[in-house]
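The values are calculated or read from the model by the stated rules, or taken from the named source; none is laboratory data. This structure is a prediction, so every number in the text was calculated from the model and none was measured. Heads up, the Cβs are rebuilt from the backbone with ideal geometry, glycines too, and the neighbour counts pull from every protein chain shown. Quick note on the areas: whole protein, heavy atoms, side chains included, nothing else; ligands and nucleic acids left out. Shrake-Rupley method; radii C 1.70, N 1.55, O 1.52, S 1.80 Å.
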Amino acid sequence: MMRNQYIQYIEEAIDTVINEGRYRTFANITRSCGDFPHATLFNETDADKRITVWCSNDYLGMGQNKDVLQSIKLTLDTNGGGSGGTRNISGTTNHHVLLEAKIAELHHKESALLFSSGYVANDATLSTLSKLIPNLIVLSDESNHASMIEGIRHGGAPKMIFKHNDMQDLENKLEKVGYEKNKIIVFESVYSMDGDIAKVKEICDLAEKYNALTYIDEVHAVGLYGEKGGGVAEQVNELNRIDIIEGTLAKAYGLIGGYIAGDRCLVDAIRSYAPGFIFTTSLPPSIAAGAYTSIEHLQYSDIERKKMHQNVNLIKDKLNRLQLPLIKNNSHIVPILVGDPIVTKKVTDELLNEFNIYVQPINYPTVPKGTERLRITASPFHTNQDIDHLLSSLDIIWKNMKIARAA
């Protein structure tokens, strides 16, 4: 047991989070295979109940796709549970090799490298690049994900933060750095909380003009955008102008793991130098095999993403009609602004307790204080009845709690 003087510090830190209304509670749910997007909520006081999940990042339900599950089961039966080691020490199987080749093909790159998560992929790659390229200057969008921020910080290279999606501010900073200095522009394609989309072509134009590398985080876009699911860069025909693509297997592909794709020599350098890759056990072979099947399925099937986008458009249209405060964007993300952490938690509690709808409140530090929100994610498997129930429930809660509506 910790000594009292140390316990006091820990308790004070927790009390601060509670008093600010941003203490996080986790809903204890079990997903029902074959019944996506429904799940069972385990409740200490009431009987377990069936709920509809409206905040999953398994955007297309591929975590329950029959072909993906069959691939996982077959590999589990033939290869066993874990990989048995790091990639360097017995942890590279043919499933890992095939998956990396499939990822490289997806993004039209020479090579790819797997990581245990998208967070680790960003942290390890960005921190390592700063050590491999002398005098590198990092130009980072101010809305970049925490994993990118941490990777840049761990690398120790000088950084310049440009205003979100502001090409004039980016160009001003590039001009200040100059053509000759080593530099990299780091940005996301789809920003997961506001749902806005990067100006990929414009960024590539500036990178070309000022001799900068480009690094794009496609975590919330792979599988969902582009003819083959290659992300926003594929959709806007800029894959060949992006130097490093980072993505995940944990969202549209429904499993777990992260990756980068790029030129062979660059990927080999990250493989050889990044501690976040070298010193961790590799993904289980069954997950690698399932991810391969998931990527391949979405390369040749666009039914899932088309239906998801149809549902997203329907929901946004109905939210606007009800004058609920939708943060407008052109992506699949559906953020509804509340602006207060305590009220946001009350809204989500009411949705879960009274309407059997699960939406996790999004508070600081995930979003800035004063912009607390609901973040709704639609899947291809939400029915029109599910959508109507969600919208009518939100409408009732907004009325009962007297929450401000959109003008």
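Given R3, R31, which one is out of contact with any Asp or Glu (no Cβ under 9 Å at 6 or more places or on another chain) and not hydroxyl-bearing (S, T, Y)?
Exactly one residue qualifies, and that residue is R3.
For the structure I just gave you, tell me whether L98 is closer than 21 Å to E296 by Cα and hydrophobic (A, V, I, L, M, F, W, C). Against the criterion (closer than 21 Å to E296 by Cα and hydrophobic (A, V, I, L, M, F, W, C)), L98 qualifies. Every condition in (1) farther than 30 Å from R373 by Cα; (2) under 23 Å from the mean Cα position of the chain (by Cα) holds for L136 except the one numbered (2).
Quick one: in region 274-287, which of the residues that are in contact with a Ser or Thr (Cβ under 7 Å, 6 or more places away or on another chain) and buried (at least 23 other Cβ atoms within 10 Å of the Cβ) is nearest to L69 (Cα to Cα)? By that ranking, first place goes to S286. Residue pairs whose Cβ atoms lie under 8 Å apart, sitting 6 or more positions apart in sequence or on different chains, and linking a residue in region 225-254 that is in a helix (DSSP H, G or I) to a partner that is polar (S, T, N, Q), are V232/S189; A233/S189; R241/T214.
Give the residues of region 311-330 that are without any contact (Cβ under 8 Å) to a residue 60 or more places away in the chain and loosely packed, with under 14 Cβ neighbours inside 10 Å, sorted by residue number. If you could, list the steps in order and put the result at the bottom.
Restricting attention to region 311-330, the residues satisfying the condition of being without any contact (Cβ under 8 Å) to a residue 60 or more places away in the chain are 313, 316-317, 321, 328.
Correct list: N313, D317, R321, K328.
The single condition among (1) of a type outside the set (K, R); (2) in contact (Cβ under 8 Å) with a residue 24 or more places away in the chain; (3) open to solvent by less than 50 Å² (accessible area, probe 1.4 Å); (4) farther than 17 Å from F277 by Cβ that M160 does not meet is (2). Does at least one position in region 352-369 carry a residue that is open to solvent by 60 Å² or more (accessible area, probe 1.4 Å) and in a helix (DSSP H, G or I)? Checked region 352-369: at least one residue is open to solvent by 60 Å² or more (accessible area, probe 1.4 Å) and in a helix (DSSP H, G or I).
Across region 373-407, which residue is most open to solvent (accessible area, probe 1.4 Å) among those that are in a loop (DSSP other than H, G, I, E, B) and at pLDDT 95 or above? Steps first, answer last, please.
Here is the first cut: in region 373-407, the residues in a loop (DSSP other than H, G, I, E, B) are 378-383, 402-407.
Pick out the ones that are also at pLDDT 95 or above and you get 378-383.
Working: A378: 4, S379: 3, P380: 18, F381: 100, H382: 7, T383: 59 Å².
Per the stated criteria, the residue is F381.
Of all the criteria given as (1) under 29 Å from H145 (Cα atoms); (2) out of contact with any helix residue (DSSP H, G or I) (no Cβ under 6 Å at 6 or more places or on another chain); (3) surrounded by fewer than 20 Cβ atoms within 10 Å (Cβ to Cβ), the one not satisfied by A104 is (3).
On the given criteria, is R271 open to solvent by 20 Å² or more (accessible area, probe 1.4 Å), basic (K, R), more than 21 Å from the chain's Cα centre (by Cα) and closer than 30 Å to K73 by Cα?
On the way: open to solvent by 20 Å² or more (accessible area, probe 1.4 Å): yes; basic (K, R): yes; more than 21 Å from the chain's Cα centre (by Cα): yes; closer than 30 Å to K73 by Cα: yes.
When the stated conditions are applied, R271 passes them.
Take Y23 and tell me if it is closer than 26 Å to I342 by Cα, open to solvent by 80 Å² or more (accessible area, probe 1.4 Å), in a loop (DSSP other than H, G, I, E, B) and of a type in the set (S, T, Y).
Against the criterion (closer than 26 Å to I342 by Cα, open to solvent by 80 Å² or more (accessible area, probe 1.4 Å), in a loop (DSSP other than H, G, I, E, B) and of a type in the set (S, T, Y)), Y23 qualifies.
Within region 300-308, not a single residue is closer than 22 Å to R405 by Cβ, under 22 Å from the mean Cα position of the chain (by Cα) and either basic (K, R) or open to solvent by 30 Å² or more (accessible area, probe 1.4 Å) (or both).
Scan region 145-156 and give yes if some residue there is at pLDDT 95 or above, polar (S, T, N, Q) and surrounded by fewer than 19 Cβ atoms within 10 Å (Cβ to Cβ), otherwise no. First the steps, then the outcome.
In the first step, residues of region 145-156 are kept if they are at pLDDT 95 or above; the result is 145-156.
Checking which are polar (S, T, N, Q) leaves us with 147.
Within this subset, residues satisfying the condition of being surrounded by fewer than 19 Cβ atoms within 10 Å (Cβ to Cβ) are none.
So far as region 145-156 goes, no, none of its residues is at pLDDT 95 or above, polar (S, T, N, Q) and surrounded by fewer than 19 Cβ atoms within 10 Å (Cβ to Cβ).
The residues of region 256-268 that are in a helix (DSSP H, G or I) and either under 12 Å from V68 (Cβ atoms) or open to solvent by 10 Å² or more (accessible area, probe 1.4 Å) (or both), listed by number, are R264, C265, L266, D268.
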